[in-house]
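Undergrad: Following this message is one structure expressed as structure tokens.
The values are calculated or read from the model by the stated rules, or taken from the named source; none is laboratory data. Quick caveat: nothing in here was measured; it's all calculated off a predicted structure. Cβ coordinates were reconstructed from backbone atoms using ideal geometry, including for glycine residues, and neighbour counts include every protein chain displayed. All accessible areas refer to the heavy atoms of the entire protein, side chains included, with ligands and DNA or RNA removed. Shrake-Rupley method; radii C 1.70, N 1.55, O 1.52, S 1.80 Å.
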Amino acid sequence: MAVIALLHGPNLNLLGQREPHIYGSATLDDYVAVTSAAAERHGHSVAAFQTNHEGRLVDAIHAARADAAAIIINPGAFTHYAWALHDALAAFNGPIIEVHISNPNAREPWRHTSVVAPVATGSIMGLGMHGYELAVEAVVRRLEAQ
Ligand code: CA2
């Protein structure tokens with residue numbers, strides 16, 4: 001059994017409370033529940049963490065080096081400029097799936113850059129909650145291949 005770290009960045013604690021036209025009505029707890037259920041179907045578990053602080057997200061990525069076999073991360077707006085996340089993720093040995101609820105490439109130009117994508121195993125965007133289930137599938141496939 002593997003632990004999958006599910007990491008969320010800033011403002012994602014507000015899911016379901018504002019901007020439903022972009023992010024839908026599901027809450028962060030809903031996302032965690034669906035991701036956990038997908039992992040449990042494969043005999044794995046999810047350790048979920050959300051923070052609005054870049055340094056705490058770096059710390060969580062460092063902790064995952066010892067505590068988790070894989071990372072699924074939605075870094076929120078940090079995606080687009082937080083090079084400290086890039087460097088922290090580069091030091092993680094295991095699959096990393098970047099996931100976004102919306103499709104940043106279909107939004108404002110400043111969202112078209114991801115500093116996380118170059119160190120991610122893969123990126124999934126624009127598929128809402130389904131993207132999180134796909135992220136688990138991707139992680140499981142890669143863990144089983146190791
Ligand atoms: O689509 C995604 O998952 C994003 O990572 C969400 C980030 C955004 O900055 C990225 O470009 C794409 C923003 C999350 C903000 O979430 C809110 C949810 C409800 C109300 C307000 C903000």
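Undergrad: State whether the residues of the stretch 33-44 include one that is in contact (Cβ under 8 Å) with a residue 24 or more places away in the chain, outside any loop (DSSP other than H, G, I, E, B), out of contact with any strand residue (DSSP E or B) (no Cβ under 8 Å at 6 or more places or on another chain) and over 19 Å from ALA138 (Cβ atoms).
TA: Within the stretch 33-44 (the criterion being in contact (Cβ under 8 Å) with a residue 24 or more places away in the chain, outside any loop (DSSP other than H, G, I, E, B), out of contact with any strand residue (DSSP E or B) (no Cβ under 8 Å at 6 or more places or on another chain) and over 19 Å from ALA138 (Cβ atoms)), the answer is no, since none of the residues qualifies.
Undergrad: Taking the stretch 19-32 on its own, how many of its residues are in contact (Cβ under 8 Å) with a residue 60 or more places away in the chain and in a helix (DSSP H, G or I)?
TA: The number of residues fulfilling the criteria is 4.
Undergrad: Which of the residues that make up the stretch 120-137 are open to solvent by 20 Å² or more (accessible area, probe 1.4 Å) and either modelled with pLDDT under 95 or in a helix (DSSP H, G or I) (or both)?
TA: MET129, HIS130, GLU133, LEU134, GLU137
Undergrad: Can you tell me which residue within the stretch 17-44, out of those that are at pLDDT 95 or above and polar (S, T, N, Q), is farthest from the ligand (Cβ to nearest atom)? Step through it out loud before you land on a result.
TA: From the stretch 17-44, those at pLDDT 95 or above are 26-44; that's our starting set.
Checking the rest, the ones that are also polar (S, T, N, Q) come to 27, 35-36.
On the way: THR27: 10, THR35: 13, SER36: 18 Å.
The extreme case among them is SER36.
Undergrad: I need the full set of residues from the stretch 76-101 which are open to solvent by 20 Å² or more (accessible area, probe 1.4 Å) and part of a loop (DSSP other than H, G, I, E, B), in order please.
TA: TYR81, ALA91, ASN93, GLY94
Undergrad: Please go through the stretch 1-33 and pick out each residue that is open to solvent by less than 40 Å² (accessible area, probe 1.4 Å) and hydrophobic (A, V, I, L, M, F, W, C).
TA: Selection gives ALA2, ILE4, ALA5, LEU6, LEU7, LEU12, LEU15, ALA26, LEU28, VAL32.
Undergrad: So is VAL116 within 15 Å of the ligand (Cβ to nearest atom) and under 17 Å from LEU6 (Cβ atoms) or not?
TA: Spelling it out, VAL116 is indeed within 15 Å of the ligand (Cβ to nearest atom) and under 17 Å from LEU6 (Cβ atoms).
Undergrad: Can you tell me which residue among ASN105, ASN52 is open to solvent by 40 Å² or more (accessible area, probe 1.4 Å) and in a loop (DSSP other than H, G, I, E, B)?
TA: Working: ASN105 fails: in a loop (DSSP other than H, G, I, E, B).
Going through ASN105, ASN52 in turn, just one is open to solvent by 40 Å² or more (accessible area, probe 1.4 Å) and in a loop (DSSP other than H, G, I, E, B): ASN52.
Undergrad: Taking only the stretch 57-75 into account, find how many residues are small (Gly, Ala, Ser), in contact (Cβ under 8 Å) with a residue 60 or more places away in the chain and surrounded by fewer than 22 Cβ atoms within 10 Å (Cβ to Cβ).
TA: 1
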